[in-house]
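These notes are about the structure you will find just below.
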Amino acid sequence: MAVDLKWDDDLITDQNGDVLLVSGRNAFIQRKKIWFETVKGSLFYDKMFGSRLYQFIQIERTDLNELALKQVLLNELVSDPEIIPETIHIEIVSWQKKELKVMATFNCEDTRPIRLDINITQSKLGVEIV
(Lines give C-alpha, C1' and ligand atoms only; values in the text may rest on other atoms or scores of the structure.)
Protein backbone atom coordinates (compact mmCIF):
# COMPACT_ATOMS: atom_id res chain seq x y z
CA MET A 1 0.00 0.00 0.00
CA ALA A 2 1.08 3.57 -0.61
CA VAL A 3 -0.09 6.98 0.53
CA ASP A 4 -2.67 8.38 -1.89
CA LEU A 5 -1.48 11.62 -3.50
CA LYS A 6 -3.37 14.13 -5.59
CA TRP A 7 -1.64 14.91 -8.88
CA ASP A 8 -0.42 18.16 -7.30
CA ASP A 9 1.53 16.01 -4.78
CA ASP A 10 -0.77 16.82 -1.86
CA LEU A 11 -1.99 14.10 0.51
CA ILE A 12 -5.57 12.95 0.21
CA THR A 13 -7.41 12.61 3.52
CA ASP A 14 -10.82 11.32 4.55
CA GLN A 15 -13.41 13.26 6.54
CA ASN A 16 -11.58 12.39 9.79
CA GLY A 17 -8.27 13.74 8.54
CA ASP A 18 -6.70 10.28 8.14
CA VAL A 19 -4.39 9.87 5.15
CA LEU A 20 -5.88 7.55 2.53
CA LEU A 21 -3.91 4.67 1.08
CA VAL A 22 -3.99 3.21 -2.41
CA SER A 23 -3.22 -0.28 -3.60
CA GLY A 24 -3.27 -2.33 -6.76
CA ARG A 25 -3.52 -0.52 -10.09
CA ASN A 26 -3.83 2.93 -8.47
CA ALA A 27 -0.66 2.42 -6.43
CA PHE A 28 1.17 1.19 -9.55
CA ILE A 29 0.06 4.24 -11.56
CA GLN A 30 1.13 6.58 -8.76
CA ARG A 31 4.58 4.90 -8.50
CA LYS A 32 5.17 5.17 -12.26
CA LYS A 33 4.16 8.85 -12.33
CA ILE A 34 6.50 9.70 -9.45
CA TRP A 35 9.32 7.61 -10.97
CA PHE A 36 9.18 9.25 -14.41
CA GLU A 37 8.73 12.79 -13.08
CA THR A 38 11.79 12.51 -10.84
CA VAL A 39 15.18 13.20 -12.44
CA LYS A 40 17.50 10.27 -11.82
CA GLY A 41 20.12 11.24 -9.25
CA SER A 42 18.19 14.19 -7.85
CA LEU A 43 17.26 12.54 -4.56
CA PHE A 44 20.16 12.68 -2.09
CA TYR A 45 18.91 9.55 -0.31
CA ASP A 46 18.44 7.44 -3.45
CA LYS A 47 20.63 8.39 -6.42
CA MET A 48 19.28 5.48 -8.51
CA PHE A 49 15.62 6.53 -8.25
CA GLY A 50 14.03 8.32 -11.17
CA SER A 51 14.16 8.68 -14.91
CA ARG A 52 16.80 9.79 -17.43
CA LEU A 53 14.24 11.16 -19.89
CA TYR A 54 15.22 14.79 -19.26
CA GLN A 55 18.51 14.23 -21.05
CA PHE A 56 16.70 14.17 -24.40
CA ILE A 57 15.29 17.68 -24.30
CA GLN A 58 17.07 20.17 -26.59
CA ILE A 59 18.97 17.58 -28.56
CA GLU A 60 18.54 17.04 -32.27
CA ARG A 61 16.12 14.41 -33.48
CA THR A 62 18.19 11.79 -35.25
CA ASP A 63 17.67 8.08 -35.76
CA LEU A 64 20.35 7.39 -33.15
CA ASN A 65 18.79 9.74 -30.57
CA GLU A 66 15.34 8.24 -31.19
CA LEU A 67 16.76 4.77 -30.64
CA ALA A 68 18.52 5.94 -27.45
CA LEU A 69 15.31 7.50 -26.08
CA LYS A 70 13.30 4.36 -26.78
CA GLN A 71 16.01 2.21 -25.19
CA VAL A 72 16.13 4.34 -22.02
CA LEU A 73 12.35 4.15 -21.67
CA LEU A 74 12.30 0.43 -22.48
CA ASN A 75 15.00 -0.30 -19.87
CA GLU A 76 13.09 1.64 -17.23
CA LEU A 77 9.85 -0.21 -17.99
CA VAL A 78 11.42 -3.67 -18.25
CA SER A 79 13.08 -3.20 -14.85
CA ASP A 80 9.63 -3.16 -13.23
CA PRO A 81 8.66 -6.76 -12.36
CA GLU A 82 4.94 -5.92 -12.62
CA ILE A 83 5.20 -5.07 -16.35
CA ILE A 84 5.06 -7.84 -18.96
CA PRO A 85 8.08 -7.00 -21.19
CA GLU A 86 6.65 -8.52 -24.37
CA THR A 87 3.71 -6.10 -24.26
CA ILE A 88 5.74 -2.87 -24.21
CA HIS A 89 5.29 -0.59 -27.22
CA ILE A 90 6.97 2.84 -27.43
CA GLU A 91 6.12 5.56 -29.95
CA ILE A 92 7.65 9.01 -30.32
CA VAL A 93 4.68 11.28 -30.94
CA SER A 94 6.62 14.50 -31.56
CA TRP A 95 10.18 15.75 -31.10
CA GLN A 96 10.85 19.45 -31.21
CA LYS A 97 13.74 21.44 -29.78
CA LYS A 98 11.86 22.49 -26.62
CA GLU A 99 9.24 19.76 -26.31
CA LEU A 100 9.21 16.01 -26.65
CA LYS A 101 6.16 13.72 -26.52
CA VAL A 102 6.36 9.97 -26.14
CA MET A 103 3.67 7.33 -25.70
CA ALA A 104 4.31 3.94 -24.13
CA THR A 105 1.77 1.17 -23.75
CA PHE A 106 2.15 -2.07 -21.81
CA ASN A 107 0.29 -4.64 -19.77
CA CYS A 108 0.67 -5.76 -16.21
CA GLU A 109 -0.58 -9.06 -14.89
CA ASP A 110 -4.35 -9.04 -14.40
CA THR A 111 -4.91 -5.48 -15.66
CA ARG A 112 -6.11 -3.85 -18.82
CA PRO A 113 -3.44 -2.14 -20.97
CA ILE A 114 -1.80 0.96 -19.48
CA ARG A 115 -0.72 3.97 -21.56
CA LEU A 116 1.87 6.51 -20.47
CA ASP A 117 1.73 9.88 -22.23
CA ILE A 118 5.05 11.55 -21.46
CA ASN A 119 5.56 15.23 -22.21
CA ILE A 120 9.04 16.64 -21.65
CA THR A 121 9.78 20.37 -21.77
CA GLN A 122 12.68 22.49 -20.54
CA SER A 123 10.91 23.21 -17.27
CA LYS A 124 8.83 20.10 -16.63
CA LEU A 125 8.42 16.43 -17.28
CA GLY A 126 4.76 15.50 -17.16
CA VAL A 127 3.32 12.02 -17.21
CA GLU A 128 -0.32 11.19 -17.81
CA ILE A 129 -1.36 7.62 -17.31
CA VAL A 130 -4.44 6.31 -19.10
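The values are calculated or read from the model by the stated rules, or taken from the named source; none is laboratory data. Computed from a predicted model, the values in this text were never measured in an experiment. Methodologically, a virtual Cβ is constructed for each residue, glycine included, from the backbone with ideal geometry; neighbour enumeration extends over all protein chains shown. Note: accessible area is taken over every heavy atom of the protein model, side chains too, but ligands, DNA and RNA are not part of it. Shrake-Rupley method; radii C 1.70, N 1.55, O 1.52, S 1.80 Å.
Working from label points 7 Å from Cα in the Cα-to-Cβ sense, the D110 to W35 distance is 1.9 nm. D110 sits among other residues whose Cβ lies under 13 Å from its own Cβ, and their net charge, with Lys and Arg +1 and Asp and Glu -1, is 0. The Cα atoms of the chain define a convex hull whose projected area, averaged across directions, is 9.0 nm². In the context of the full protein assembly, D117 retains an accessible surface of approximately 40 Å², using a probe radius of 1.4 Å and ignoring ligands and nucleic acids. For R52, neighbours were defined as the other residues whose beta-carbon sits under 13 Å from its Cβ, and their charges (Lys and Arg +1, Asp and Glu -1) total +1.
Helix 63-78 and the longest principal axis of the Cα set of the chain meet at an angle near 20°. Per residue, the accessible area of the chain comes to 62 Å² when a 1.4 Å probe rolls over the protein heavy atoms. With the dipole of the stretch 29-77 worked out from charges on the C-beta (+1 for Lys and Arg, -1 for Asp and Glu) around the Cα centre, which of W35, N75, Q55 lies farthest toward the positive end? Looking along the dipole axis, the top candidate is W35.
On C-alpha positions alone, give me the angle between the axis of helix 24-37 and the longest principal axis of the chain, in degrees, nearest 10. Taking Cα atoms only, the helix is inclined about 50 degrees. Over the chain, Cα pairs under 8 Å with separation of 6+ residues give a relative contact order of 16 percent.
For S123 and E66, a Förster radius of 22 Å and the Cβ-Cβ distance give a FRET efficiency of 0.45, rounded to the nearest 0.05. The apolar share of the surface of the chain, taken as the fraction of accessible area on carbon and sulfur atoms (1.4 Å probe, ligands and nucleic acids excluded), comes to 51 percent.
Taking every DSSP beta bridge that has both ends in the chain, the antiparallel portion is near 95%.
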